[in-house]
Amino acid sequence: MRVTAVAIDRYPRPMSNRNLIARSALAIAIVIAVTGSLLTLSPLPAGAHAIIDLQSSDAIVGRTSAMTLEIQHGCINGGGGTVKFVAQFAAAFGAVTAGSVPGWTSVVTSGITTTTGTTTTTAEGQTVTWTTNGAAQPFSTALVVPLTVRWPYRAGAYGIVVSQTCSNPADETVWSTPAQPAIAGVPSPPLTPLATVCVLPARLAKSSTWPKRTTRTIERLCSTLR
C-alpha cells in the first residue's frame, strides 16, 4: 500500500466554525497510514512528498514492523538530483533499522540535530542518513528506502522529519510542515509537508469487521500530532 502525502486545498467559500474544526481534526497529519484505510483528503498539487508506506501492516504500539519512506523526485529548487536523504525519529520511537538500497549507504546514529540560522540544538532520538555511493539519484527518479521500526508505546500521530540534499545545483529540502486547512492569513497546502504515521493500540487494528465507529475513533486519536 502506498500512502501519499495529502493536504487541504483553499476553501472555495467561507465555512462555519464547526466545519472548520472538523476539517482541522482530519488535516493535521500529512500521512495517516492505517492498513488500507487512509483518511483521504485532497492531494498536494505540486512538489514532491515524503511518503510513508506501512507495507500493509498497522503501526501498533510497542510492536516492530516494516515501513518505507519515499521522496518522489529531486529537490524543489533548481531540480538537482538527490545525494543525501535523512530521516529523524523522535525519542518516542524504539529501535530503527535501515534496510539496504542499491547504490546507497545508510547509517543510524543516536540523537537528532537541528540547525536554525546559527543555532544548533540536539534532542534525543535517532537519525538515519543515506548517502549515494556514486552519482546523484536523477531528479525524475523516486527514492524509496526500507526501514524496520519499533513503534512508540503511546498511541497517536507521530511525525518523521525528512531532509533531502541535492546537487547540481546544491540544495536542501526539509519536509517538516504539519498539514493544516486554510484559514485567514494561513494558506494551504504547505510546500514541505511532514510525513506522519498513526500508531494504533492493538484493539484498533483493521479487521474484516471494522465498524464505522472504529474509523471515527482513529480519526480522533490521530487528529493531534504528538
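A few comments on the model shown:
- Residue satisfying all of: in the stretch 178-207; free of Cβ contacts under 8 Å to residues at least 40 places away in the same chain and within 30 Å of CYS75 (Cβ to Cβ); surrounded by the most Cβ atoms within 10 Å (Cβ to Cβ) among these: VAL186
- Among residues of the stretch 110-137, those that are assigned to a loop (DSSP other than H, G, I, E, B) and surrounded by 13 or more Cβ atoms within 10 Å (Cβ to Cβ), counted: 1
- Within the stretch 216-226, the set of residues being more than 19 Å from the chain's Cα centre (by Cα) and surrounded by fewer than 15 Cβ atoms within 10 Å (Cβ to Cβ) comprises ARG216 only.
- Residues of the stretch 138-176 classified as part of a strand (DSSP E or B) and without any contact (Cβ under 8 Å) to a residue 40 or more places away in the chain, total: 1
- The set of residues from the stretch 48-67 being part of a strand (DSSP E or B), of a type outside the set (A, V, I, L, M, F, W, C) and surrounded by fewer than 17 Cβ atoms within 10 Å (Cβ to Cβ) comprises THR64, SER65.
- Residue within the stretch 208-222 that is among the small types (Gly, Ala, Ser) and touching a residue at least 12 places away in the same chain (Cβ under 8 Å) present: no
Results for (1) among the polar types (S, T, N, Q); (2) modelled with pLDDT under 95; (3) under 22 Å from PRO152 (Cα atoms), shown as yes or no for each residue.
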{"position": "GLY94", "(1), (2), (3)": "no, no, yes"}
{"position": "THR97", "(1), (2), (3)": "yes, no, yes"}
{"position": "SER110", "(1), (2), (3)": "yes, no, yes"}
{"position": "THR113", "(1), (2), (3)": "yes, yes, yes"}
{"position": "VAL128", "(1), (2), (3)": "no, no, yes"}
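- Taking the listed residues VAL83, VAL101, the one that is aliphatic (A, V, I, L, M), surrounded by 13 or more Cβ atoms within 10 Å (Cβ to Cβ) and assigned to a loop (DSSP other than H, G, I, E, B) is VAL101, with no other qualifying.
- Residue that is farthest from the chain's Cα centre (by Cα), among those in the stretch 172-211 that are hydroxyl-bearing (Ser, Thr, Tyr) and closer than 22 Å to THR116 by Cβ: THR173
The values are calculated or read from the model by the stated rules, or taken from the named source; none is laboratory data. Just so we're clear, the structure is a prediction, and the values are computed from it rather than from any experiment. Heads up, the Cβs are rebuilt from the backbone with ideal geometry, glycines too, and the neighbour counts pull from every protein chain shown.
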